[in-house]
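Inspection log for the structure reproduced underneath, given as structure tokens.
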Amino acid sequence: MASLFEKIVARELPADIVFQDDRVTAFRDIHPRAPVHILIVPNKLIETANDIVDEDESLIGHLFTVARDLARQEGIAANGYRLIINCNEHGGQEVYHLHLHLVGGAPLGPMLCR
Ligand code: AMP
């Protein structure tokens with residue numbers, strides 16, 4: 001069965017998609033933690049950061065160049081932003097389809113709250 005984010009990539013579930021190409025899809029987080037909160041996901045399923053293989057290096061790099069471009073597009077590049085990938089239980093991962101959070105638009109405070 002397709003993952004939640006695979007369904008968004010395939011446009012079988014609604015989402016506010018801000019960018020899509022043949023490798024990645026970016027859409028606004030449904031519960032934004034900041035004025036700008038976008039998720040950038042590989043179109044193919046990679047469940048966690050642990051599941052990245054050597055052949056994915058270019059794809060993972062592409063997630064970051066798309067994040068850079070979206071930060072500029074959203075007007076948050078100069079003031080700054082945070083890029084986050086959560087992995088497994090201790091990382092607080094909720095959706096098991098690798099995704100890069102692009103979060104910004106306001107001061108974000110300390111990196112970790114425990
Ligand atoms: P993580 O904890 O890193 O796995 O983050 C999962 C993120 O996916 C959370 O920030 C959720 O708010 C977000 N999310 C869950 N379902 C959806 C959805 N249908 N559309 C957009 N974002 C979602």
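The values are calculated or read from the model by the stated rules, or taken from the named source; none is laboratory data. Keep in mind that this is a model prediction, so the values were computed, not measured. In this analysis, Cβ positions are derived from the backbone assuming ideal geometry, glycine residues included, and neighbour counts consider all displayed protein chains. Accessible surface is based on the protein model in full, side chains and every heavy atom, while ligands, DNA and RNA are left aside. Shrake-Rupley method; radii C 1.70, N 1.55, O 1.52, S 1.80 Å.
Against the numbered list (1) of a type outside the set (S, T, N, Q); (2) away from the ligand (no atom under 11 Å from the Cβ); (3) within 18 Å of Glu94 (Cβ to Cβ), Val36 comes up short only at (3).
Taking segment 1-102 and the strands (runs of 3 or more DSSP E) fully enclosed by it, the elements with 2 or more residues that are out of contact with any Ser or Thr (no Cβ under 9 Å at 6 or more places or on another chain) and closer than 27 Å to Cys113 by Cα are at 24-28, 36-42, 81-84. Here Ile52 passes the criteria (1) in contact (Cβ under 8 Å) with a residue 12 or more places away in the chain; (2) within 14 Å of the ligand (Cβ to nearest atom); (3) open to solvent by 30 Å² or more (accessible area, probe 1.4 Å) except the one numbered (2).
Filter segment 67-114 for residues that are away from the ligand (no atom under 11 Å from the Cβ) and among the polar types (S, T, N, Q); which is nearest to the chain's Cα centre (by Cα)? Here the answer is Gln73. Looking at Arg72, Arg114, just one residue is at pLDDT below 95, open to solvent by 100 Å² or more (accessible area, probe 1.4 Å) and not hydrophobic (A, V, I, L, M, F, W, C), and that residue is Arg114.
Every listed requirement among (1) within 9 Å of the ligand (Cβ to nearest atom); (2) touching a helix residue (DSSP H, G or I) at 6+ places or on another chain (Cβ under 6 Å); (3) open to solvent by 60 Å² or more (accessible area, probe 1.4 Å) is met by Ile30 save one, (2).
Per the conditions (1) on the phi < 0 side of the Ramachandran plot; (2) in contact with an Asp or Glu (Cβ under 8 Å, 6 or more places away or on another chain); (3) open to solvent by less than 80 Å² (accessible area, probe 1.4 Å), the sole criterion not satisfied by Tyr96 is (3).
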